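Student: Got a structure for you, written out below as structure tokens; questions coming shortly.
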Amino acid sequence: MKKIIITEGQLGRLTKKLNEGSLQSMVVRQMKEDLDMNYSPVSNFMREGGEYYETPMIEIKVDGEVITPKSLYEYMKYKYKMGEEFTKQVIRDWMFGKIADDYTLSKNISMT
């Protein structure tokens with residue numbers, strides 16, 4: 001077995017190319033673009049027991065309707081037919097801006 005010595009710059013370009021070509025990155029990119037185009041994360045204040053609590057919600061850009069992350073999850077699960085945990089992680093990372101420029105998630109989760 002032979003070893004190859006490469007610079008950090010070459011490693012960065014190679015890693016970026018491999019990540020862009022992976023199936024998971026392509027699916028995350030497609031889901032993120034769909035989410036960015038049609039939805040925006042918002043905070044909604046809900047009253048429970050006399051106190052107000054900030055709750056993350058999703059606004060549909062077309063009509064301004066506010067839905068729960070669970071409702072968005074059900075729709076995305078139906079539309080993309082991916083694994084439950086994978087779909088939840090994509091939505092979670094999208095809501096909190098954690099999807100990296102190379103379309104990797106904050107946790108490594110299987111697509112199925």
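The values are calculated or read from the model by the stated rules, or taken from the named source; none is laboratory data. All values reported here derive from a predicted model rather than from experimental measurement. We place every Cβ from the backbone using ideal geometry, glycine too, and count neighbours over all the protein chains shown.
Student: Does region 37-59 contain any residue that is within 17 Å of T112 (Cβ to Cβ) and not small (G, A, S)?
Tutor: no
Student: How many residues does region 12-68 hold that are basic (K, R), over 18 Å from I91 (Cβ atoms) and in a helix (DSSP H, G or I)?
Tutor: Number satisfying all stated conditions: 3.
Student: Which residues, taken from region 19-42, are modelled with pLDDT under 85 and either in contact with a Ser or Thr (Cβ under 9 Å, 6 or more places away or on another chain) or surrounded by 12 or more Cβ atoms within 10 Å (Cβ to Cβ) (or both)?
Tutor: N19, E20, S22, listed by residue number.
Student: Any idea which of I109, I99 is surrounded by 14 or more Cβ atoms within 10 Å (Cβ to Cβ) and either of a type in the set (S, T, N, Q) or under 15 Å from E33 (Cβ atoms) (or both)?
Tutor: It is I99.
Student: Checking Y78 against (1) assigned to a loop (DSSP other than H, G, I, E, B); (2) free of Cβ contacts under 8 Å to residues at least 12 places away in the same chain: exactly one of these is not met. Which one?
Tutor: (1)
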